[in-house]
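Everything on this sheet refers to the single structure shown next.
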Amino acid sequence: MNDMSVKIGGVNIPGRTALAPLAGITDRSFRMLCRQQGASFAVTEMVSAKGLADGSERSNQYLDFEADEFPISAQLFGSEPEVMAEGARVVAERNPDIIDINCGCPVKKIVTRNAGAALLNTPERLGQIIAAMVRAVDIPVTLKIRSGWSQANQAVAVARIAEDSGAAAIAVHGRTREAKFGGRADWDIIAEVKNAVSIPVIGNGDVRGPEAAKEIMQKTGCDLVMVGRWAIGNPWLFKRMEVFLNRGELLPEPTHGDRLEMAVHHLKASIAFKGLRYGVLEMRRHLAAYIKGVPGAARYRRTLMTEDDPNHLMDLLGQIKAEGRRDT
Ligand SMILES: Cc1cc2nc3c(=O)[nH]c(=O)nc-3n(C[C@H](O)[C@H](O)[C@H](O)COP(=O)(O)O)c2cc1C
């Protein structure tokens, strides 16, 4: 598919699949693993533009990417054009390839501040935000939206305004704000957006495997596929999707042993980037996903979810692996 490689603004995207932004999940270690496993680019967790504009240490910590992750997209949330532009300037100092605007977060704390999915209800202001950010930085500005607030009826109008305001690409999660994560993602709305704009469209929602990646591309015509939850505990998914999209070949699923080895590798990376305490704490959700369905792992789940000592954790993962080997 090299002949069809996608560009976001001037940024060359070296494949078809991207890791979605997931607050609390897509930190540096997980983004690195997914990139190593074939994701064409990854998006940071969402960062507050106001926090960055105010010089908040905590907000800055989310911008923990390094050159080895490029191309990388940094996601901002906020509601005021000037604040978003200032946040973009701060982010641009770290040299990401792309800056993304969160227009999909359904969480009350965010939408009551007119940010996240609430921006779908104020398309004119969203247009001003995009235009202000595009003026403020030299790199492409993109956005990630839901299909609408309570009905899937806002995405097309928002996408047109975004394109007119200078957005370089748009990711569409085919669910409304009210649906949150319930029901099935509506891929028809992604097709409608694709028909309405000429900037690259990134399809997102319920892409659980290689066949689904092909299906969403065929059904919607989207240029790239973005995967969030289904990559947790499963970073191999990206390579499997890329190979299936390129050659129609279905690579085997990782073995239980592969998963336990990746869990250890991920844990080490998490500790290297975040230190012992947070490195272990923030691995819990990933560990639960790596061991899901691994024979014999269920009885260790509780310990894995409460253990603070990384050496014990690694021993346990090794033990589960050895027991699995003995059982087969
Ligand atoms: C725990 C969690 C955190 C998320 N955080 C963000 C975020 O920070 N920014 C964003 O645009 N979307 C966020 N999302 C939405 C995902 O990027 C994605 O649109 C959604 O999960 C649907 O895709 P999937 O079916 O591949 O998971 C989050 C979703 C989950 C489950």
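Listed by position, the helices (runs of 4 or more DSSP H) contained in the range 1-65 that have at least 2 residues being small (Gly, Ala, Ser), closer than 18 Å to Asp97 by Cα and within 13 Å of the ligand (Cβ to nearest atom) form an empty set.
Yes or no, residue by residue, for (1) farther than 30 Å from Tyr62 by Cβ; (2) over 29 Å from the mean Cα position of the chain (by Cα):
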residue	(1), (2)
Gly279	no, no
Leu287	no, no
Tyr290	no, no
Gly293	yes, no
Gly296	yes, yes
Leu313	no, no
Gly318	yes, yes
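Taking the criterion of being crowded, with 21+ Cβ neighbours inside 10 Å and farther than 15 Å from Ala162 by Cβ, the residues of the range 188-206 that qualify are Gly203, Asn204, Gly205. Is at least one residue of the range 179-187 buried (at least 18 other Cβ atoms within 10 Å of the Cβ) and in contact with a helix residue (DSSP H, G or I) (Cβ under 6 Å, 6 or more places away or on another chain)? Looking for residues that are buried (at least 18 other Cβ atoms within 10 Å of the Cβ) and in contact with a helix residue (DSSP H, G or I) (Cβ under 6 Å, 6 or more places away or on another chain), one finds at least one in the range 179-187, hence yes. Only one of the numbered conditions (1) crowded, with 23+ Cβ neighbours inside 10 Å; (2) in a loop (DSSP other than H, G, I, E, B) is violated by Met84, and that is (2). Restricting attention to the range 134-158 and to residues that are crowded, with 24+ Cβ neighbours inside 10 Å and either among the hydrophobic types (A, V, I, L, M, F, W, C) or touching a His at 6+ places or on another chain (Cβ under 9 Å) (or both), the residue that is nearest to Asp97 (Cα to Cα) turns out to be Val141. Once the range 137-151 is narrowed to residues that are touching a Cys at 6+ places or on another chain (Cβ under 9 Å) and charged (D, E, K, R), the residue that is farthest from the ligand (Cβ to nearest atom) is Arg146.
Here Pro106 meets the list (1) under 22 Å from Ala269 (Cα atoms); (2) of a type outside the set (Phe, Trp, Tyr); (3) in a loop (DSSP other than H, G, I, E, B) almost entirely, failing just condition (1). How many residues are within 10 Å of the ligand (Cβ to nearest atom), within 21 Å of Ala191 (Cβ to Cβ) and buried (at least 23 other Cβ atoms within 10 Å of the Cβ) when one looks only at the range 222-250? Summing the residues that are within 10 Å of the ligand (Cβ to nearest atom), within 21 Å of Ala191 (Cβ to Cβ) and buried (at least 23 other Cβ atoms within 10 Å of the Cβ) in the range 222-250 gives 3. Being more than 14 Å from the chain's Cα centre (by Cα) and buried (at least 24 other Cβ atoms within 10 Å of the Cβ) is a property that Met46 lacks.
Conditions (1) over 18 Å from the mean Cα position of the chain (by Cα); (2) away from the ligand (no atom under 16 Å from the Cβ); (3) modelled with pLDDT of 95 or more, marked per residue:
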{"position": "Asn153", "(1), (2), (3)": "yes, yes, no"}
{"position": "Val156", "(1), (2), (3)": "yes, yes, yes"}
{"position": "Ala159", "(1), (2), (3)": "yes, no, yes"}
{"position": "Ala169", "(1), (2), (3)": "no, no, yes"}
{"position": "Lys180", "(1), (2), (3)": "no, no, yes"}
{"position": "Val193", "(1), (2), (3)": "yes, no, yes"}
{"position": "Val197", "(1), (2), (3)": "yes, yes, yes"}
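Criterion applied to Glu282, Glu249 was being under 24 Å from Val207 (Cα atoms) and acidic (Asp, Glu), and the one residue passing it is Glu249. Taking the range 99-118 as the range and being closer than 19 Å to Ala20 by Cα and buried (at least 20 other Cβ atoms within 10 Å of the Cβ) as the test, the residues that pass are Ile99, Asp100, Ile101, Asn102, Cys103, Gly104, Cys105, Ile110, Ala115, Gly116, Ala117.
Total residues in the range 206-258 satisfying the condition of being within 18 Å of the chain's Cα centre (by Cα) and either closer than 22 Å to Met32 by Cα or acidic (Asp, Glu) (or both): the figure is 26.
Applying the set (1) within 24 Å of Asn204 (Cα to Cα); (2) at pLDDT 95 or above; (3) within 22 Å of the chain's Cα centre (by Cα) to Glu69 leaves exactly one unmet item: (2).
Rundown of residues vs (1) closer than 25 Å to Ile13 by Cα; (2) in contact with a strand residue (DSSP E or B) (Cβ under 9 Å, 6 or more places away or on another chain), yes/no style:
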residue: Ile72; (1), (2): yes, yes
residue: Gly78; (1), (2): no, yes
residue: Val91; (1), (2): yes, yes
residue: Arg94; (1), (2): yes, yes
residue: Thr112; (1), (2): no, no
residue: Pro123; (1), (2): no, no
residue: Leu126; (1), (2): no, yes
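Taken as a whole, the range 83-91 holds at least one residue that is within 15 Å of the ligand (Cβ to nearest atom), farther than 21 Å from Asn204 by Cβ and in contact with a helix residue (DSSP H, G or I) (Cβ under 6 Å, 6 or more places away or on another chain).
The values are calculated or read from the model by the stated rules, or taken from the named source; none is laboratory data. As the structure is a prediction and not an experimental result, all values here were calculated from the model. Methodologically, a virtual Cβ is constructed for each residue, glycine included, from the backbone with ideal geometry; neighbour enumeration extends over all protein chains shown.
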